[in-house]
Amino acid sequence: MMNRNRINKIISILEEFEMKIIRFIFIAAVLSCCLIMISACKGKTDENSTPDKVKINNDSITVNEGSSEIKAGESLKWPGDLMIDIPEPKIKITAVLKDDSKGQCTVAFAELSNEDAKAYVAKLKSNGYSGGMELSDENSILFSGIDGKGSQACFAYNAATKEGTISYEPKASTESDNNTEKSGN
């Protein structure tokens, strides 16, 4: 009987440790997506040009820097121009981070049910995104995948807050592609 109690305690400890690892990976993936978008939006700024780059409307704020744009607000629209191969979910969009020069885009959202989040991951898979990471528990869902063209999608969802992010990055051009374009071949 004593051994069974020890085994049950060890199993309990391992399950708790597994949940901590999943949460850590989820947080690391979300932070990685954010860092990619922040580095993509990084640009030179000077004090004289800042006021023209910030626009405040009744329900949103937009900041432009070069080819990058950050928009936050209440009634934002899905950025279909950059989220080319990503299906539009039924969500309330709270922020959009875009880099037109690289085609990268991240959407922060709210008001998505856990069932709809699971269905959205299934839709990404049916659109050909696979081969990345997939983690799911009662508190969160994290999915990343690459499609046949080499474009990447990342979906992160927090079930407690019903919020998350969707990121898209098209296939990056290779050095040889850049050299071919420059030489005109």
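Things to note:
- Close amide-amide hydrogen proximity is noted between residue 159 and 140, 141, each under 5 Å apart and 5 or more residues distant or on a separate chain (H modeled in the peptide plane; Pro and chain starts excluded).
- Note, ³J(HN,Hα) from phi for the stretch 127-138, Karplus 6.51, -1.76, 1.60, rounded to Hz, x at Gly and Pro: 7, x, 7, 7, x, x, 10, 9, 10, 8, 8, 5
- Loop-resident sites, the stretch 56-117, for GluC sites (Glu not before Pro), counting at most 14 other Cβ within 10 Å (DSSP): 74, 111
- Residues 106, 62 arranged by fewest to most Cβ contacts within 10 Å: 62, 106
- Pairs spanning more than 23 Å between alpha-carbon atoms, out of 102/162; 55/77; 71/123: 102/162; 71/123.
Read-outs: derived from the displayed coordinates by stated rules, not from any lab. Since we're looking at a predicted model, the values are computed, not measured. Because the Cβ atoms are built from the backbone with ideal geometry, glycine has one as well, and the counts that use them run over all protein chains shown.
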